[in-house]
Amino acid sequence: MKYYQKLAILLALIWGFIALQRIVIAIIMPAIAEDMKFTYTQVGFVLAITGLTWAFGTIIFAAIGDKIGRRPVIVVTAILASVFSWVTGFVNSLGSMLTVRGILGFFEGGPWAPSISTLVEEAPPEKRGITVGALSASFMLIGVAIGPIIATRLLEAYGSWRPVFYILSVPAAILALIVLFFMHEAPSIAESLRMRKSGQK
């Protein structure tokens, strides 16, 4: 298996589990709302805040990745997103839930653009479509198709919504650490960083 294929699998898995971190709250929201006495309006705010901050995170971290390197952006944002997914299990109020999920969304927007840009550059031209398509599909496959089954099984097993977040925050963080040691910067970014370091840019 070629380097770009292995990298595509790793990045697709990260993106899929990040999708799960985002979507799982909607799946188990009935249990959360009952426990925390949320109204329907408050539930709407909790679900919306992640998407709002996600959009800003995607834009900001795309620019940062082009400046400092895509690998550190993917690794750091995926780990921080996992941390705040884990912290979700500790919240006890609407304010803390909105804060944690807002920060979570901001960091979860980070891996998307650097991952896409890297795969477009690393994959051969005739394989770019399927490679990027696989990355995009992982969001739906893991986050939307498989995720609800996992989340509801965990909810039933533990009888509480909090352990669901503790458990589902782990995979993306582990995968991010693997990417840290496996991935190298794409040629254009590596050259840009080299020129900046030598003062040529």
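The values are calculated or read from the model by the stated rules, or taken from the named source; none is laboratory data. Please read all numbers here as calculations on a predicted model, not as lab measurements. As a convention, Cβ positions derive from the backbone with ideal geometry for all residues, glycine included, and neighbour counts pool all protein chains shown. Areas reflect the complete protein model, heavy atoms only, side chains present, ligands, DNA and RNA absent. Shrake-Rupley method; radii C 1.70, N 1.55, O 1.52, S 1.80 Å.
Worth pointing out:
- Top-ranked residue in the stretch 20-73 [being of a type in the set (S, T, N, Q) and without any contact (Cβ under 8 Å) to a residue 40 or more places away in the chain; ranked as surrounded by the most Cβ atoms within 10 Å (Cβ to Cβ)]: Thr39
- So Glu121, is it in contact with a Ser or Thr (Cβ under 7 Å, 6 or more places away or on another chain), surrounded by fewer than 21 Cβ atoms within 10 Å (Cβ to Cβ) and part of a helix (DSSP H, G or I): yes
- Condition check for Phe139: more than 14 Å from the chain's Cα centre (by Cα) and either surrounded by fewer than 18 Cβ atoms within 10 Å (Cβ to Cβ) or under 17 Å from Phe17 (Cβ atoms) (or both): no
- Any hit, the stretch 88-97, residues being modelled with pLDDT of 95 or more, surrounded by 19 or more Cβ atoms within 10 Å (Cβ to Cβ) and not in a helix (DSSP H, G or I): yes
- Taking the numbered list (1) more than 22 Å from Val100 (Cα to Cα); (2) surrounded by 18 or more Cβ atoms within 10 Å (Cβ to Cβ) in turn, Leu154 passes all entries but (1).
- Any hit, the stretch 46-56, residues being under 11 Å from the mean Cα position of the chain (by Cα), at pLDDT 95 or above and in a helix (DSSP H, G or I): yes
- Output for the stretch 153-169, where each listed residue is in a helix (DSSP H, G or I) and either within 28 Å of Ile74 (Cα to Cα) or in contact with a strand residue (DSSP E or B) (Cβ under 8 Å, 6 or more places away or on another chain) (or both): Leu154, Arg162, Pro163, Val164, Phe165, Tyr166, Ile167, Leu168
- From Ala134, Ala172, Ala190, residue being open to solvent by less than 60 Å² (accessible area, probe 1.4 Å), assigned to a helix (DSSP H, G or I) and in contact with a His (Cβ under 9 Å, 6 or more places away or on another chain): Ala190
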